[in-house]
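Just below is one structure, and these are the notes that go with it.
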Amino acid sequence: MKVLVIGKGRMGSLIEATAQSHGHEVIGKVDIFDSETILNTSCDVVIDFSHRDNVNWVCDYCKKQKASLVMGTTGLQEQHMKALENLSKTNPVFFSYNYSYGVAVLRKALEFITPLLENEFDMEMVEKHHNQKADAPSGTAMMLLKALDPNNEYKHVFGREGMVGKRQKEIGISAIRGGSVAGEHTVYYFGQDESISITHNATSRQIFVNGAIKAAQFIVNQNPGLYSMDDLLNQ
């Protein structure tokens with residue numbers, strides 16, 4: 001494949017090196033400041049783990065060059081999601097908040113476990129990331145929260161402070177930032193005299209990069225549409 005990497009940071013460099021190790025050609029590694037230099041260069045797939053400010057011009061580029069898109073940028077707002085949805089009408093688009101195979105399986109497990117426990121157990125989540133991460137809670141935490149509460153039946157409490165009172169029908173989400181933690185997500189089910197916790201611990205960003213390369217190899221052979229890790233798991 002001919003791959004265009006968006007972002008010149010650590011993730012961009014890992015994606016570039018991993019794509020090349022799989023025999024793919026990386027035609028460039030760019031950011032918003034030099035986006036105009038790449039607009040007339042074609043590729044098969046764009047992999048973007050950069051910043052939400054890049055979403056609009058990346059979508060325009062993909063539409064112009066008829067390229068597939070693997071989007072892994074977090075902290076997206078409604079306008080960015082609409083841009084991806086619009087692009088998916090004409091181009092194959094793969095979007096996930098987390099490209100770890102283990103996290104994809106964890107989400108599936110939560111979808112199965114939660115209906116069995118939610119009437120008798122309180123649910124909480126704690127996520128940990130490195131001190132350079134800009135958004136909180138993480139996109140992965142929000143994805144897992146959707147698995148816990150698919151119909152928005154609970155109040156979502158992002159941290160607690162002061163006299164918060166007795167617990168209501170709620171799910172608490174706490175974010176911890178420090179050091180070089182690649183990513184850790186723990187979901188807790190607290191019952192009467194018993195508890196269950198399920199943790200996914202990422203020890204390296206490489207697991208996300210590996211998932212992104214798998215997604216890119218998958219998406220270039222698909223019809224226009226919006227694809228996710230579920231599609232990758234079920235192929």
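Residues in the stretch 147-168: is at least one at pLDDT 95 or above, under 16 Å from I198 (Cβ atoms) and either hydrophobic (A, V, I, L, M, F, W, C) or in the same structural domain as M81 (by TED's automatic domain parsing) (or both)?
Yes, that holds for at least one residue.
Looking only at residues that are of a type in the set (F, W, Y) and out of contact with any Ser or Thr (no Cβ under 6 Å at 6 or more places or on another chain) in the stretch 188-207, which one is nearest to D44 (Cα to Cα)?
Among those that are of a type in the set (F, W, Y) and out of contact with any Ser or Thr (no Cβ under 6 Å at 6 or more places or on another chain), it is Y189.
Looking only at the stretch 19-42, how many residues end up being at pLDDT below 95 and either within 16 Å of W57 (Cβ to Cβ) or touching a helix residue (DSSP H, G or I) at 6+ places or on another chain (Cβ under 9 Å) (or both)?
15
Please determine, by comparing only the residues of the stretch 62-86 that are modelled with pLDDT under 95 and under 20 Å from G12 (Cα atoms), which one is surrounded by the fewest Cβ atoms within 10 Å (Cβ to Cβ).
G75
Of (1) under 21 Å from K133 (Cβ atoms); (2) more than 20 Å from the chain's Cα centre (by Cα), F33 satisfies all except one. Which?
Only one criterion in (1) under 21 Å from K133 (Cβ atoms); (2) more than 20 Å from the chain's Cα centre (by Cα) is unmet by F33, namely (1).
Within the stretch 74-82, identify whether any single residue is of a type in the set (A, V, I, L, M, F, W, C), in contact with a helix residue (DSSP H, G or I) (Cβ under 8 Å, 6 or more places away or on another chain) and in a helix (DSSP H, G or I), and answer yes or no.
no
Being touching a residue at least 40 places away in the same chain (Cβ under 8 Å), hydroxyl-bearing (S, T, Y) and not in a strand (DSSP E or B) is the requirement here; does S204 meet it?
Spelling it out, it is not the case that S204 is touching a residue at least 40 places away in the same chain (Cβ under 8 Å), hydroxyl-bearing (S, T, Y) and not in a strand (DSSP E or B).
Pick from the stretch 4-18 the residues that are touching a helix residue (DSSP H, G or I) at 6+ places or on another chain (Cβ under 6 Å) and under 17 Å from F218 (Cα atoms): which of them is surrounded by the fewest Cβ atoms within 10 Å (Cβ to Cβ)?
Step by step, filter the stretch 4-18, then rank; the result is T18.
Quickly run through the stretch 19-54 and pick out the residues that are closer than 19 Å to F218 by Cβ, crowded, with 21+ Cβ neighbours inside 10 Å and touching a strand residue (DSSP E or B) at 6+ places or on another chain (Cβ under 6 Å).
Across the stretch 19-54, the qualifying residues are A19, C43, V45, V46, I47, D48.
The values are calculated or read from the model by the stated rules, or taken from the named source; none is laboratory data. From a predicted model like this one, the values you see are computed outputs, not experimental measurements. Ideal geometry is used to build each Cβ from the backbone, glycine not excepted, and the neighbour counts take in all protein chains shown.
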